[in-house]
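The values are calculated or read from the model by the stated rules, or taken from the named source; none is laboratory data. Model, not experiment: these values are computed from the prediction. Here Cβ is always computed from backbone atoms with ideal geometry, including for glycine, and neighbour counts include all displayed protein chains. For accessibility, only protein heavy atoms count, side chains too; no ligands or nucleic acids. Shrake-Rupley method; radii C 1.70, N 1.55, O 1.52, S 1.80 Å.
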Amino acid sequence: MGAEQFNTALAAVEDKYDSDIFVYSAPIDNDGFSALTEAVTQKKNSSTRPHCLMILTTTGGLANSAYQIARLLQQTYGSFTIFTPRYCKSAGTIIALGAHCILMDVFSELGPLDVQLLDRDEIGNRKSGLLTRSAFESLSNEVFDLFSKNMLGIKKASRGMISFKLAADISWRMTAELMAPIFGQLNPDIIGSDYRDLRIAKLYGDRLANVSGNPKPDTVRQLVEDYPAHDFIIDKDEASKLFRRIEEPTAELYAFVSLISHVSYQQASPGIVMACEPFKIDADAEGNDDENPIQDPDERAAEMAEGGQGDRGGDQRDALPDEENNDQAGDHAQNAGEG
């Protein structure tokens, strides 16, 4: 991809949406929020566009950071739009609730309003906040089924000699004795903590939805309660039942996203959080217009292994639009990927 091709595609998207363009391909965490804050601040110093469009690809992360990201964009721009070329999960859905418009196509997917909690049994691992609720629902169903089966069995076996009240009392005692060891393994502190974190995510979603006006009245509750798993796919058709403005990406946006497919169709590692700036072409620098403004890490590794242009000192910095700003953006992007 040449710099001129990148600049042309970027300008077309900016003009089409009258928006500043950002790429967020990273976990939702404090580092990602910090990187985006810096990118937005620098962009507003040089741009007068009233809106922004963020190309968002994420597996999710922290509810607090998602809320901060969405509020930052709500407060900085007249409106903001997100385009999820592939997936935008859990905490990413919180950001979607704050967007005034969501762009989706057949490959796009959101997820339930879930947050990733630290797994207390595994260092560094995270688990879905929906697991506790799913466990309780499963146990509740088992208890009711066992109680009903025992009560009806006792009543039938007694041929009417035992009243429903007595049969229910006997069944309840049997059920309690059988299920007590299972419930005894549940930690109330962990259960309360998980419930609190999901409650926080819902309250954030309500607040963001009140500003954006895009989610329908019962959407936040449905995203918390009506989907069984963290990785449940909410595609464009499903999302259209939850949000008022679900639109198709334009041809200009497709053309631009295709040039950065390595960070738009999968979460980058390390993460990338940046404002999209035109690449400054130096006509006197031989081959400079062939550089890739957002370079694929695999391509750069191949160049270095072959001793090609990627092996020359300073090439990586020159491959980004603004040398000084992108040194900082690269540092933040790396931090975002470690969260």
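Annotations
- Any hit, the range 37-55, residues being closer than 15 Å to VAL273 by Cβ and of a type in the set (Gly, Ala, Ser): yes
- Taken as a whole, the structure places ILE182 among residues that are β-branched (Val, Ile, Thr) and either under 38 Å from the mean Cα position of the chain (by Cα) or modelled with pLDDT of 95 or more (or both).
- All helices (runs of 4 or more DSSP H) inside the range 1-93 with 2 or more residues being β-branched (Val, Ile, Thr), within 30 Å of PRO112 (Cβ to Cβ) and out of contact with any Cys (no Cβ under 6 Å at 6 or more places or on another chain): 30-46, 63-76
- In the set PHE147, PHE164, PHE80, only one residue is surrounded by 14 or more Cβ atoms within 10 Å (Cβ to Cβ), at pLDDT below 95 and aromatic (Phe, Trp, Tyr); that residue is PHE147.
- Condition met for ASP31 (more than 16 Å from the chain's Cα centre (by Cα) and open to solvent by 10 Å² or more (accessible area, probe 1.4 Å)): no
- Figure legend. Inter-residue proximity from the range 42-53: first residues on the phi > 0 side of the Ramachandran plot, second residues of a type outside the set (Gly, Ala, Ser) and crowded, with 17+ Cβ neighbours inside 10 Å, beta-carbon distance below 8 Å, spacing 6+ or different chains. No pairs are indicated.
- Test for ALA201: is it assigned to a helix (DSSP H, G or I), at negative phi and modelled with pLDDT of 95 or more: no
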